[in-house]
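The values are calculated or read from the model by the stated rules, or taken from the named source; none is laboratory data. As the structure is a computational prediction, the values presented were derived from the model and not from experiment. As a convention, Cβ positions derive from the backbone with ideal geometry for all residues, glycine included, and neighbour counts pool all protein chains shown.
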């Protein structure tokens, strides 16, 4: 439910900006955040397919060709699963903050980069770079929430 | 063992999703059905996106209105300046006496923030001060007529001495006869013009304005009209009652 709300907020803000500014990928930040605390024994399949579904819906709404954000989202989730999975649960403390920052940054970097790489264009790169700047506050807020939760859980 | 199985499952699902995404990317651009799906999905999102559309449109219309207003203001200022210049040129051609302050387009307004009952006819406080470039002695107008002059200024407010004040004494001229006198208030709301030589044919309705000999106020500022003679002393000078152009009882905003 949280992911649906985040997707809708991201869509809402994109409509509100009227294309004037690039909105941070709140949906992907939400998935990555949830994934960091995921202890589901069935693995993180929900994350893969949520990212896939969110990406395809985003493509249908804003790109017009399904596949761009779908592919980027899935790639991000696979990277996060592999990198985060390599760290034992006991080691997932506040000290991994920088790694978490990198993972969140990856979630903002890869999905919007694919359309620019494939379709190209000077304007596309400008928009991409702007989105990275606008994403930073959202990443920092998510980092804050992560560290707060880590501290409150005493690890 | 369980962990390895879970990891394998993640890889299988992940790779499946990747292949599906690549497949979609490869084939969907050529499929007509994708356009239909895009349209349907867009139509479904109209409901959650509606507030954003309304807010964006409201902002855009406000920005457009603001730009139009600024543009109109600039146009009005330009036209005022042109009008002022034309009036001055016309006055030169016709020989009419006109002063630049009469046609100045740069008129600002101030709100009256205090008029104490104890000094009702003497002074008022306005909401403009040093930061608005108000200076001591600056003439203050109401309805285009002299209302008083600034007696003291602080950062964000100023006190204005009214023409009905007993201490407000300025030289003035009767425009029709060029007779000079002194404008002074009597403290109860009346404005008088003193020291006019008696028997000079001064009539009611003649216009009174500030005189050239005054140092504090520029000449030609309209004050009002002669209302009638009050007294003619044995010293040969008459006192006239002035009907001020500025209504001293009904001003809430003034100009400078």
> Given the conditions (1) buried (at least 17 other Cβ atoms within 10 Å of the Cβ); (2) not in a loop (DSSP other than H, G, I, E, B), which single one is not true for residue B:228?
Replying inline: (1)
>> Among the residues of the stretch A:98-108, are any assigned to a helix (DSSP H, G or I) and farther than 17 Å from residue A:136 by Cα?
In response: no
> When you go through (1) under 16 Å from the mean Cα position of the chain (by Cα); (2) touching a residue at least 24 places away in the same chain (Cβ under 8 Å); (3) within 13 Å of another protein chain (Cβ to nearest Cβ) one by one for residue A:30, which number turns out not to apply?
Replying inline: (3)
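Yes/no matrix, rows are residues, columns are (1) without any contact (Cβ under 8 Å) to a residue 40 or more places away in the chain; (2) more than 10 Å from every other protein chain (Cβ to nearest Cβ):
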| residue | (1), (2) |
| --- | --- |
| A:35 | no, yes |
| A:69 | no, no |
| A:91 | yes, yes |
| A:95 | yes, yes |
> Considering B:179, B:175, which residue is farther than 22 Å from residue B:251 by Cβ, surrounded by fewer than 17 Cβ atoms within 10 Å (Cβ to Cβ) and touching a strand residue (DSSP E or B) at 6+ places or on another chain (Cβ under 8 Å)?
Replying inline: B:175
> Which residues, counting only those in the stretch B:244-256, are surrounded by 14 or more Cβ atoms within 10 Å (Cβ to Cβ) and without any contact (Cβ under 8 Å) to a residue 24 or more places away in the chain?
Replying inline: none
>> Which count do you get for residues in the stretch B:113-131 that are in a helix (DSSP H, G or I) and more than 26 Å from residue B:186 (Cβ to Cβ)?
In response: 2
> What helices (runs of 4 or more DSSP H) completely inside the stretch B:1-112 contain at least 2 residues that are modelled with pLDDT of 85 or more and more than 11 Å from chain A (Cβ to nearest Cβ)?
Replying inline: B:46-94
> Of the residues A:56, A:48, which is at the interface with chain B (Cβ under 9 Å from one of its Cβ atoms), farther than 22 Å from residue B:42 by Cβ and not in a loop (DSSP other than H, G, I, E, B)?
Replying inline: A:48
> Only one of (1) in a helix (DSSP H, G or I); (2) more than 8 Å from every other protein chain (Cβ to nearest Cβ); (3) more than 21 Å from residue A:129 (Cα to Cα); (4) at pLDDT below 90 fails for residue A:39. Which number is that?
Replying inline: (1)
> Can you name the number of the only condition in (1) more than 25 Å from residue A:15 (Cβ to Cβ); (2) assigned to a helix (DSSP H, G or I); (3) at pLDDT 80 or above that residue A:117 fails?
Replying inline: (3)
>> Residues that are under 12 Å from residue B:223 (Cβ atoms), at least 2 per element: which strands (runs of 3 or more DSSP E) completely within the stretch B:144-199 meet that?
In response: B:145-153, B:170-174, B:179-185, B:191-197
